[in-house]
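K.L.:
Right, I'll just put the structure down here and ask away after.
The values are calculated or read from the model by the stated rules, or taken from the named source; none is laboratory data. Values in this document were obtained by computation on a predicted structure and should not be read as measured data. Cβ placement follows ideal geometry from the backbone for every residue including glycine, while neighbour counts extend to all protein chains displayed. These accessible areas exclude ligands, DNA and RNA; they are computed on the full protein's heavy atoms, side chains included. Shrake-Rupley method; radii C 1.70, N 1.55, O 1.52, S 1.80 Å.
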Amino acid sequence: MKKKILVEGMSCGHCVNHVSEALKEIGAKEVEVNLESKLATAEIGDNISDDAIKAAIEDAGYDVVKIEKA
């Protein structure tokens, strides 16, 4: 399932990489993170909860504002 994740706190390319890696570590595929729109999109398996997505990104140091189906 494709998900859109609104992420606050990213300010540079390194931030984009951190968010991307955090999502990949929990099994997300086709991860794209856009710094300007503060939006990450990824193909997320049904076995990965929104709470797990939020925890992974917050553990990387960023705030998840919203998660929705893309």
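K.L.:
Kindly indicate whether any position in the stretch 6-22 is under 11 Å from Ala60 (Cβ atoms), under 11 Å from the mean Cα position of the chain (by Cα) and among the charged types (D, E, K, R).
P.N.:
yes
K.L.:
Could you please let me know if Ala22 is among the small types (Gly, Ala, Ser), free of Cβ contacts under 8 Å to residues at least 24 places away in the same chain and outside any strand (DSSP E or B)?
P.N.:
It is false that Ala22 is among the small types (Gly, Ala, Ser), free of Cβ contacts under 8 Å to residues at least 24 places away in the same chain and outside any strand (DSSP E or B).
K.L.:
Hey, another quick one. Give me the pairs: first residue in the stretch 39-68 and of a type in the set (S, T, N, Q), second residue at pLDDT below 95 and open to solvent by 40 Å² or more (accessible area, probe 1.4 Å), beta-carbon distance under 6 Å, and six or more apart or on different chains, which are they?
P.N.:
Going by the 6 Å Cβ cut-off, the qualifying pairs are Thr41/Ala70.
K.L.:
Just the residues that are under 18 Å from Ala70 (Cβ atoms) and surrounded by fewer than 13 Cβ atoms within 10 Å (Cβ to Cβ), please, taken from the stretch 1-31.
P.N.:
Met1, Lys2, Lys29, Glu30
K.L.:
Out of the residues in the stretch 42-59 meeting the condition of being part of a loop (DSSP other than H, G, I, E, B) and of a type in the set (Gly, Ala, Ser), tell me which one is least open to solvent (accessible area, probe 1.4 Å).
P.N.:
Gly45
K.L.:
Follow-up. With in contact with a Ser or Thr (Cβ under 8 Å, 6 or more places away or on another chain), part of a strand (DSSP E or B) and not aliphatic (A, V, I, L, M) as the only criterion, which of Lys3, Lys66 stands out?
P.N.:
Lys3
K.L.:
What pairs come out if I take residues in the stretch 1-15 that are closer than 15 Å to Lys54 by Cα and pair them with residues that are part of a helix (DSSP H, G or I) and hydroxyl-bearing (Ser, Thr, Tyr) whose C-beta lies under 8 Å away, six or more apart or interchain?
P.N.:
Nothing qualifies.
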